[in-house]
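K.L.:
Take a look at this one; I'll ask things after.
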Amino acid sequence: MKRKTMILGALAAIAAAGLGTLAWWLGMRQGMAMMAAPAAVAAAPADPSQWSIPQGEAATRRHIRDGLKAGDVDPVTGLRIQNYHDPMVPGKNFDAPAKSPFMDMMLVPRYAGSTGSAGGDEASGVTVSPRIQQNLGLRIATVTEGSLATEVGAVGSVAWNERLQEVVSARAMGFVEKLHVRATLDRVAAGAPLVEVYIPDWVAAQEEYLAVARMNGDGIEALRDAARVRMRQAGMDEALIERVAHAGRVVARVTFTAPIGGVVSELMVREGATVMPGMPLVRLQGTGTVWAEGQVPESQAALLRPGTRVSATAPAAPGQAFEGRVQALLPEVDATTRTLKARLELANPGARLVPGMFVQMRFARPERAKTLLVPTDAVIHTGRRSVVMLAEDDGRFRPVEVKTGLDSVGQTEIVAGLAAGQRVVLSGQFLIDSEASLRGLEARWNHDDARAGGGPAAHAAPPAPTRAEQAMHRTNALVTSIDGDTVTLDHPPIASAKWPQMVMDFRLPPPAQRPKALAPGERVEVEFHLQEGDLPRITTMQRLAPGAAR
């Protein structure tokens, strides 16, 4: 019995010690929490761009307590308060701190870009702290003045120069008795014999002329001249006529010679064949120059002109450069590769270039006037305009619309919109700030154009809805209140909109499209989309049965 009493006493002592320890631990936690609250506010970053939403709400409550409004200087940050806004409903600004009329949260202050400023135009740019710039990996480049280093290259294949073709044709009916060339692509020199043809009509004309030439007497010269004319009319050239007259005998076989040096590109007759007047016998191709047809991107075709000098190299002739000029830009664009065909005429010493060979071409750089240049990566093409993000002092950035010229070797000409010495962002343009995204800038510019007045822009159509505005979201919710065409819903987290659970206002659909006699406390299923500068708009709303899952 005594031992049992001792055990119970020991357990009571341990329990008392445990309760004391628990009380001490709870007291320490409460004291640490009370000490940590002001420390957390004091440790909040002074740079507003680094504030999170809870810190912004804390600043709003402090502003309400101290009676601060838009235009006042925040004594904690030293920055002038520009306005207050709800991050979930962009485009709506307020002059005084308060609870958001759209969401179950406090408005967040927006500060001007520099200490003590009178308040800048937030739509003209954003401010990014140096730490955030480093995290985003922003790269800055300076606008320079100079000539665009144009460099145009192309690849192509060699083809025969069709302007150097010659065709040897029969000038009278005859018979092929001998061929001096036996196959196509045989090389021939200028003046080399090609075909020997027997032409009966020419033999008769020669015999008549020689008979008259042997006669003596008055009027013989007239008959001789008439015989020469008949030989000419039969198709004989002057060289053959002079040969007959000088030799004083009939030339039975006529040899056709090569008018140019080159290769036989086509042989149309064989020995023993009968030929008719005008019938082609041999086609010759000159090799002094060749064509090279290169595919030039249509964006670079403006840099080329007929007569532009070009230098080409070929794997088949290593170490040798073939010089030439642009003969013509053919009026046809390849719809698949978006290239324009340029026809070049290249010198072909030693006839080393033949059709089908692959060549690489470099065009001479045309002289261009000096202009402003920026790296091509700095230009954002939206489809309707070209934009660069201009970097200003104190970490401030603003978009600038520019007019661009040619692009080459990573550089772009700036025709209007910038000045030499300004700085532009090369990378991270879309990550500077959510309000500096391309979609937001376009919406602001359209809004500014509409406010300018005095011109067609003042009456321009509103900007097309963005993808975020067009996207539809669906959720179940609890109706908490109804006020005219506005309903307040308590909804769970919405993954498609990236919203947490909250109580917020929505625009109701027309009366014919909403449940009748809708009252607070009922559960509904809604489908809605976001609206720029306004509450989300409900498109469909259905009443749910009592007890439906949330």
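The values are calculated or read from the model by the stated rules, or taken from the named source; none is laboratory data. Computed from a prediction, not measured in an experiment: that's the story for all the values here. Here the Cβ positions follow ideal geometry from the backbone for every residue, glycine too, while neighbour counts run over all protein chains shown. In case anyone asks, the SASA skips ligands and DNA or RNA and just uses the protein heavy atoms, side chains included. Shrake-Rupley method; radii C 1.70, N 1.55, O 1.52, S 1.80 Å.
K.L.:
Has region 99-110 got any residue that is modelled with pLDDT under 70 and surrounded by fewer than 18 Cβ atoms within 10 Å (Cβ to Cβ)?
P.N.:
No, region 99-110 has no match at all.
K.L.:
Something else about it: I'd like to know if region 182-189 contains one or more residues that are small (Gly, Ala, Ser), modelled with pLDDT of 85 or more and surrounded by 18 or more Cβ atoms within 10 Å (Cβ to Cβ).
P.N.:
No, that holds for no residue.
K.L.:
Six or more apart or on different chains, Cβ atoms under 6 Å: show the pairs whose first residue is in region 275-288 and on the phi > 0 side of the Ramachandran plot and surrounded by fewer than 21 Cβ atoms within 10 Å (Cβ to Cβ) and whose second is part of a strand (DSSP E or B) and not aliphatic (A, V, I, L, M).
P.N.:
Gly278/Ser169
K.L.:
Hey, among Ala301, Ala312, Ala316, which residue is open to solvent by 30 Å² or more (accessible area, probe 1.4 Å) and of a type in the set (A, V, I, L, M, F, W, C)?
P.N.:
After ruling out the rest, the residue left standing is Ala316.
K.L.:
Further, regarding this structure: Please specify each residue of region 497-513 satisfying the condition of being open to solvent by 50 Å² or more (accessible area, probe 1.4 Å) and either under 18 Å from Asp104 (Cβ atoms) or modelled with pLDDT of 85 or more (or both).
P.N.:
Scanning region 497-513 gives Lys498, Pro500, Gln501, Arg507, Pro510.
K.L.:
If only one of Ala245, Ala317 is over 28 Å from Trp160 (Cα atoms) and not in a strand (DSSP E or B), which one is it?
P.N.:
Among Ala245, Ala317, only Ala245 is over 28 Å from Trp160 (Cα atoms) and not in a strand (DSSP E or B).
K.L.:
Has region 214-221 got any residue that is in contact (Cβ under 8 Å) with a residue 24 or more places away in the chain and open to solvent by less than 80 Å² (accessible area, probe 1.4 Å)?
P.N.:
no
K.L.:
Only one of these conditions is not met by Asp534: (1) surrounded by fewer than 14 Cβ atoms within 10 Å (Cβ to Cβ); (2) free of Cβ contacts under 8 Å to residues at least 60 places away in the same chain. Which number is it?
P.N.:
Of everything listed in (1) surrounded by fewer than 14 Cβ atoms within 10 Å (Cβ to Cβ); (2) free of Cβ contacts under 8 Å to residues at least 60 places away in the same chain, Asp534 misses just condition (2).
K.L.:
For Glu266, indicate whether it is surrounded by fewer than 16 Cβ atoms within 10 Å (Cβ to Cβ), more than 30 Å from Val212 (Cα to Cα) and out of contact with any Phe, Trp or Tyr (no Cβ under 7 Å at 6 or more places or on another chain).
P.N.:
Considered against the rule, which asks whether it is surrounded by fewer than 16 Cβ atoms within 10 Å (Cβ to Cβ), more than 30 Å from Val212 (Cα to Cα) and out of contact with any Phe, Trp or Tyr (no Cβ under 7 Å at 6 or more places or on another chain), Glu266 comes out as yes.
K.L.:
If you don't mind, another one. Within region 344-401, can you find the residues that are of a type outside the set (A, V, I, L, M, F, W, C), part of a strand (DSSP E or B) and under 19 Å from the mean Cα position of the chain (by Cα)?
P.N.:
Pro375, His381, Ser386, Glu401
K.L.:
Now a separate question. Within the set of pairs 6+ apart or on separate chains, which have a first residue in region 47-71 that is outside any helix (DSSP H, G or I), a second that is modelled with pLDDT under 50 and of a type in the set (A, V, I, L, M), and C-beta atoms under 8 Å apart?
P.N.:
Correct list of pairs: Trp51/Ala44.
K.L.:
Which one is modelled with the lowest pLDDT among residues in region 449-495 that are farther than 18 Å from Pro87 by Cβ and in contact with a His (Cβ under 6 Å, 6 or more places away or on another chain)?
P.N.:
Once the filter is applied, the top-ranked residue is Met472.
K.L.:
Kindly indicate whether Val155 is in contact with a strand residue (DSSP E or B) (Cβ under 8 Å, 6 or more places away or on another chain), at pLDDT 70 or above and surrounded by fewer than 19 Cβ atoms within 10 Å (Cβ to Cβ).
P.N.:
Answer is yes for this residue.
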